[in-house]
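Readers should treat all values here as calculations from the given coordinates under stated rules, not as data from a laboratory. All figures in this text were calculated on a predicted structure; none of them were measured in a lab. Glycine gets a Cβ as well: all are built from the backbone with ideal geometry, and neighbour counts include every protein chain shown.
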């Protein structure tokens, strides 16, 4: 994962389970100067993250981080800890 992908992922972590438009990610994730230099800098980054399976997108061009699924084989240390 390179620096651009990391910036986008850190920004998307601040909005869990919420889809955010690609334009808003371009505007907020890299800062003002990055947005002024290139308004669509995050679009190729987002498409690569979708291909890698880190980010999911909807039909409207909005993106969010994939949620980690809970491990169904989770074992408790003791029954007392499970009750708590």
Rounded to the nearest 500, the 222 nm mean residue ellipticity computed for the chain from DSSP H runs (n ≥ 4, each -39500 (n - 2.57)) alone is -13000 deg cm²/dmol
Taking Cα atoms, the helix 3-13 axis meets the longest principal axis of the chain at an angle in degrees (rounded to 10) of 60
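Note down the relative contact order for the stretch 3-65 as a percent, whole number, built from C-alpha pairs under 8 angstrom at least six residues apart.
Values: 70 pairs, mean separation 26.7, N = 63.
Normalised by residue count, the contact order of the stretch 3-65 is 42 percent.
Tell me, what is the FRET efficiency for residue 1 and residue 33 to the nearest 0.05, using R0 = 30 angstrom and their Cβ-Cβ distance as r? Walk me through the numbers before you get to the answer.
Working: r = 22 Å, r/R0 = 0.74.
The pair residue 1/residue 33 has a calculated efficiency of 0.85.
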Matching label for the computed Rg/Rh (Cα atoms, Kirkwood Rh), out of [x] 1.43; [y] 1.18; [z] 1.21, is [y]
In degrees rounded to 10, the 0-90 angle between helix 43-52 Cα long axis and the longest Cα principal axis of the chain is 30
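For residue 48 and residue 15, compute 0.36 nm times the residue count separating them, minus their Cα-Cα distance, and round to one decimal in nm. Numbers along the way, then the final one.
On the way: separation 33, 0.36 × 33 = 11.88 nm, distance 1.98 nm.
That works out to 9.9 nm of additional length.
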